[in-house]
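J.: First the structure, which I've put down as structure tokens, then a few questions once you've had a look.
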Ligand code: FPP
């Protein structure tokens, strides 16, 4: 049975997840870090299905940051191969569930075969109108801002025309709404260079659970907690005049 929320429950349009804790999950079991990533991938698949069932429009997964290249060559190679195999193996699942795959990050810094596989899957799924899964791969928030600036300079945008809305148009995925909710697993209270521009007014949820242990029920709980948050975007809900008192 598809995973669902109570009727009339507000579902966020865009949920971002910083999937942390694969390595610790493996260490606790005396296993290799790579085993943690394999389990992490299984969790990601379950959460993609759950997000699709729940009617979330966009799900961003922080898979590999611009800083993750500092890990051992073996671990980096393993994660890259895992991503490539995932994309190839899940194409039928994406088709069946009308899931569209997008990429955030610098594709030029990726191994050519990985970049090509991402391009292919993004192209093959671009007409699907269901859940959009944004894979943040070789992604850094600072790097995205710099690349966006380079793109807008190359497009000839002049200083007088530069507004937040114009700048936004040069991000990696300008049509994707800012994340309403960003979840980080693994117990740390930091955002690690994820969606620096897009996450300015996101609600954040930091969970102790390690990513491989994160369940569909945890996603559902996160949405319930999100629904209980009051979003103000810098304003004073209900009584704007209160904000102007001397
Ligand atoms: C964090 O755990 C996880 C990563 C660096 C990314 C790897 C993610 C996956 C393999 C999931 C793949 C998902 C898709 C959709 C392809 P960590 O290694 O930083 O854990 P630690 O903090 O416990 O060491």
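The values are calculated or read from the model by the stated rules, or taken from the named source; none is laboratory data. Since this is a predicted model, take the numbers as computed values, not measurements. Don't worry about glycine lacking a Cβ; one is built from the backbone with ideal geometry, like all the others, and counts go over all protein chains shown.
J.: Can you name the residue in segment 2-38 that is on the phi > 0 side of the Ramachandran plot and modelled with pLDDT of 95 or more and is also nearest to the ligand (Cβ to nearest atom) among such residues?
T.: Ranking the candidates gives 21 first.
J.: Would you mind listing the helices (runs of 4 or more DSSP H) fully within segment 141-246 where at least 2 residues are in contact with a strand residue (DSSP E or B) (Cβ under 7 Å, 6 or more places away or on another chain) and crowded, with 17+ Cβ neighbours inside 10 Å?
T.: 216-227
J.: Something else about it: Scanning for something out of contact with any helix residue (DSSP H, G or I) (no Cβ under 8 Å at 6 or more places or on another chain) and surrounded by fewer than 17 Cβ atoms within 10 Å (Cβ to Cβ), does segment 33-44 turn up at least one residue?
T.: So far as segment 33-44 goes, no, none of its residues is out of contact with any helix residue (DSSP H, G or I) (no Cβ under 8 Å at 6 or more places or on another chain) and surrounded by fewer than 17 Cβ atoms within 10 Å (Cβ to Cβ).
J.: How about segment 75-92: which of its residues are free of Cβ contacts under 8 Å to residues at least 24 places away in the same chain and within 28 Å of residue 26 (Cβ to Cβ)?
T.: 76, 77, 81, 85, 89
J.: Then there is this: Pick out the one residue from 59, 41 that is within 21 Å of the chain's Cα centre (by Cα) and within 9 Å of the ligand (Cβ to nearest atom).
T.: On the way: 59 fails: within 9 Å of the ligand (Cβ to nearest atom).
Every option except 41 fails the conditions.
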